[in-house]
1. Within the set of other residues whose C-beta is less than 14 Å from the C-beta of residue B:216, count the net charge using Lys and Arg as +1 and Asp and Glu as -1.
2. Can you sort B:189, B:378 by how many other beta carbons sit within 10 Å, fewest first?
3. Sort the following peptides by mean Cβ neighbour count (other Cβ atoms within 10 Å, averaged over residues), highest first: A:52-60, B:327-335, B:212-220.
4. For each of B:281, B:301, count neighbouring Cβ atoms within 10 Å of the residue's Cβ, then give the residues from fewest to most.
5. Where does the charge balance sit around residue B:116 when Lys and Arg score +1, Asp and Glu -1, over other residues with C-beta under 14 Å from its C-beta?
6. If packing is taken as the average number of other Cβ atoms within 10 Å across a peptide's residues, how do A:191-198, B:433-440 rank, most packed first?
7. Give me the inter-chain shielding for B:133-141: mean count of other chain Cβ atoms within 10 Å, whole number please.
8. Within a 10 angstrom radius of each residue's Cβ in A:178-188, how many Cβ atoms of other chains show up on average? Whole number is fine.
Amino acid sequence: MTIHRNFFPAAFAAAVFLAHSGMAIAPLAAQEQEPPRTLVQGRGVELTTARCVICHDAQHITRAKLSREEWAFNVKNMIERGAPITPEEIPQIVDYLATYYSRDSAPPAESAAAEAPVAAAAEDPAQRLLTANACIACHAVDRRLVGPGFREIAQRYRGDSAASELLARKIRDGGAGAWGQVPMPPHPQLTAADLGLMVSWIMKQ
Amino acid sequence: MGLRDILSALRRPVGVHPGEKKIMSDKLTEHRHSDSGITVTRRDFITRVAGTGAAVAAGTAGFAALAQAQGAPKPQAAAAPKPPADPAGTISNDAVKAEKVPEMQYHSERPLTGSVSAEHHNYAVTPTDRMFVRNNLLTPDLSEATHKLTIKGLVDRELVFSMAELKKAFPAVTLQGMVECAGSGRQNFVPAASGTRWLPTGGMGCPRWTGVRLRDVLNAAGIKPNAVHVAGQGGDFGVIATAAPVIRSIPLSKAMDSDTLIAWGMNDGPLPKVHGFPLRLVAPGWVGSASTKWLHTLTVLDAPFKGTYMDSSYRIPKHPVKPGERMPKDAVSTEAWPVKSMITHPAPNVAFKVGKPVLVEGRAWVGEGDIDRVEVSFNEGQTWQRAMINSGGDKYAWRIFSFEFVPKNPGYTTVLARATDSRGNVQPMQSTWNPLGYFWNAIHRVGFVVET
């Protein structure tokens, strides 16, 4: 069993160790740390984020370590549940999952991931945040997906001096009612600085 | 559309592969939003979504870099994720959490999943604010005034009830019954199975439910001789139109059990929204997904319902597979929980004194049958002693066990509890590994400190 040091802190590693050491009964105190809220950088991360973080948290993935076979089964399962994924996208997503969330092998080192071509996608810090935090799973610039398009948001709030603060709060706390009944999930992990960057980028669309 | 068509439609798979043009039937995927009284079919959504086919890499149009970075041909006709056309309102996580005790631990935020650990379950009847939380989709905000329950399929007469009509038509029953998530305790499996990890003992509870017997309602509709399963469908929906509705079916034998209810009450109050307001099934003792929340339609079928939540989830291999292997073809649906117990007192790591009695308490239950005995061990299972159990009580309620332990020696001490059911099944040391991590029922163990 390989443990990615960034993802599985000591407490969890200890629980895994106990469980492996032949102790048949559940560990006495298994306090687990919260899994990361965003997917790790690597080839295919944008596509996987855009397709897999619509209905549920990225943590469904970051808490898991599965074999390639199991990931393939999981993706098939998610498509049955309604995930909008084309046949061409399946191998790209399974490759990403089986590379970075593998039960059988360590993910490539950080440096290798950084060299992957996806780095090119992330020049603009605001876009990088919108991608990493899965905003793109529900929002496009010029049309409505699950949530409103960024351009129509910018149009609605143009000239409204209170808008930046209101939108930052809405992104952090989530909620429904401004555009429809479907709620936006809360994003409590975002800092004020990150929220500010994203909101000013959105307002420029 | 005749009955045959409806039933064959019902049996077609729920999931649609966005790459495929094939669209499933209207009937199968209807989303009924009781608030509006409108029935919307997923066909509408899918056709509409497919119409936007030009919208290729969904959600990524503003990020040309993404398409480049993929270095792959542009994906074809990915359905852009669209919200359902006329969703009801939903209940926020904060609103749900406000009705729960601070001891509740949350295992995921979207969807919200929460449970309390064993020592916070030391109640004879699970209080509503300690009942575990688990949905597949969003929590809908439905209205009792407009809610309707339809019974259809292999019945002599299709019936539709308002809430008031349902309450008037049949005798009300109140009983205590277990509901436990199939994946309860999943975190104990090694290697880790995918899905909500829960706590070591898991997400379960044994509240009192009030409602009418499903049996009475089915009898009123008249069940055809070839009926074998009953499917429940609820008013929950996903953030996108293509999200498959959660439909589960149970065998007629369980549907006709006198303790299987269509419930509107929990612990003498109304059902909280998150637990299925205004109406839900309670198939006590069975995996939680059999107890459809926000229930609006019951369909009597001549075979188990075919759909992703029957055919790909909530399944275990018929014959155990090597840990880490994927689900084999011959898997079976999860139904009744195997025998299980947990120690609710003492809490882990509490200090006691040599010579002073420690009251060990816990709960034991089994999906079908009864608890025959519970034994405890204070030497890691070398020797076992019988605990007292409160036999009697409702058929599907957990049993309370207790044992007075007088520590003779100081030091760290553990207690193990092991239940045996009326069919002779004993809780195992380790539960059989299965790919989706269901039915963890191994012996529970708690450590505490004895001081001189």
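Taken together, the values in this text are just the output of simple stated rules run on the coordinates, not laboratory data. Fair warning: this is a prediction, and the values are worked out from it, not measured in the lab. Backbone-built Cβ (ideal geometry, glycine too); neighbour counts: all protein chains shown.
1. Numbers: positive: B:167, B:168, B:213, B:215; negative: B:165, B:257, B:259.
Net local charge, residue B:216 excluded: +1.
2. Working: B:189 25, B:378 19.
Least crowded to most crowded, the residues run B:378, B:189.
3. Details: A:52-60: 21.8, B:327-335: 15.2, B:212-220: 19.6.
Those peptides, ordered most packed to least, come out A:52-60, B:212-220, B:327-335.
4. On the way: B:281 26, B:301 20.
Taking fewest neighbouring Cβ atoms as first place, the list is B:301, B:281.
5. Working: positive: B:97, B:100, B:130, B:134, B:363; negative: B:99, B:103, B:119, B:129, B:180.
Charge balance in the 14 Å sphere: 0.
6. Numbers: A:191-198: 15.8, B:433-440: 23.9.
Ranked by mean Cβ neighbours within 10 Å, highest first: B:433-440, A:191-198.
7. Values: counts 0, 0, 0, 3, 4, 5, 1, 1, 1.
For peptide B:133-141, the averaged partner shielding equals 2.
8. Values: counts 0, 1, 5, 13, 12, 11, 1, 6, 5, 1, 1.
The shielding value for this peptide is 5.
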